[in-house]
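Have a look at the structure below before the remarks.
We did not get these values from a lab; they are worked out from the coordinates using the rules stated. In this text the structure is predicted, and so the values were computed from the model without any measurement. When we count neighbours, we look across all protein chains shown, and the Cβ atoms used for this are built from the backbone with ideal geometry, even at glycine.
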Amino acid sequence: ETLLSDACSPRPGREWRFTSGTSEWQLAAETGLLGDTRLVSSAGGSVQATSARSLLALHERRGSADLLLDAFVLSFGMIPFAAQALRWRDAADASLLPLPLSLRMARRLRHPFGANLDSYCERRWDATRQLWRQRSRHRLTVAGGEIEAVSLGWICESRGPVAFSLVVAGHMVAEAALAGYGNRGDHGVPAWSAALLQASTS
């Protein structure tokens, strides 16, 4: 429990650098005036990160459109810190799913006031990679049928999230792997960074 808590807690100033294809995407933990912590992406999106003794929860998505941030939230939206937590349910905001216009219209017809996903999450230890594999199946009923998406996140007990991917209706729409991480440094805390060998998202 302590290992996952230390690795995943978004301490102010912490930064993660991911690569997706040939592009680089970054996340940084920033603290607001009221003491709340938000993960802010290099694309201008953000999400609130609430860390308690037992879990990390990501919620209140704001800012610019950012497919990788949405995929990150669906992959790591809830991370229980107890190693015994292997299955749970979640209800992320349905607007996180990247959908074409026709399916967005179908969602609004079925849920005019907004909706949440029905998410079933499983986690297991991958002894070969020495990583936690967190797989979530997300379902949403829309006018005319159901949409299913699958997110996959890999978590290192020393570095936190190291890779993630999102498949919607059988199509891979986002994947990224951690290339480096560090701290911006502030108030006497030195800045530092480290590069990594990339982990697979599959």
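Details
- Low-density loop cleavage sites - trypsin sites (Lys or Arg not before Pro) in segment 44-146, where at most 10 other Cβ are within 10 Å (DSSP): R53
- Positive-end extreme of charge dipole, the chain - chosen from W132, G44, F18 (charges on Cβ): W132
- Spin-label model, S23/R133: points 7 Å from Cα along the beta carbon direction are separated by 2.8 nm.
- Degrees between helix 101-110 axis and first principal axis of the chain (Cα, 0 to 90, nearest 10): 70 degrees
- Per residue, the average separation of C-alpha pairs within less than 8 Å and at least 6 apart gives the chain a relative contact order of 19 percent.
- Only helices enter the 222 nm calculation for the chain: every DSSP H run of n ≥ 4 contributes -39,500 (n - 2.57), and dividing by all residues gives -4000 deg cm²/dmol, rounded to 500.
- Taking the Cα centre of the chain as origin and assigning +1 to Lys and Arg Cβ atoms and -1 to Asp and Glu Cβ atoms, the resulting dipole is close to 320 debye.
- The slack between D126 and F113, meaning 0.36 nm per residue of separation minus the straight C-alpha distance, is 0.7 nm.
- Whole-Å distance, taken between Cα centres, linking segment 110-149 and segment 1-61: 20 Å
- From least to most packed, judged by other beta carbons within 10 angstrom and beginning with the fewest, M78, M172 follow the order M172, M78.
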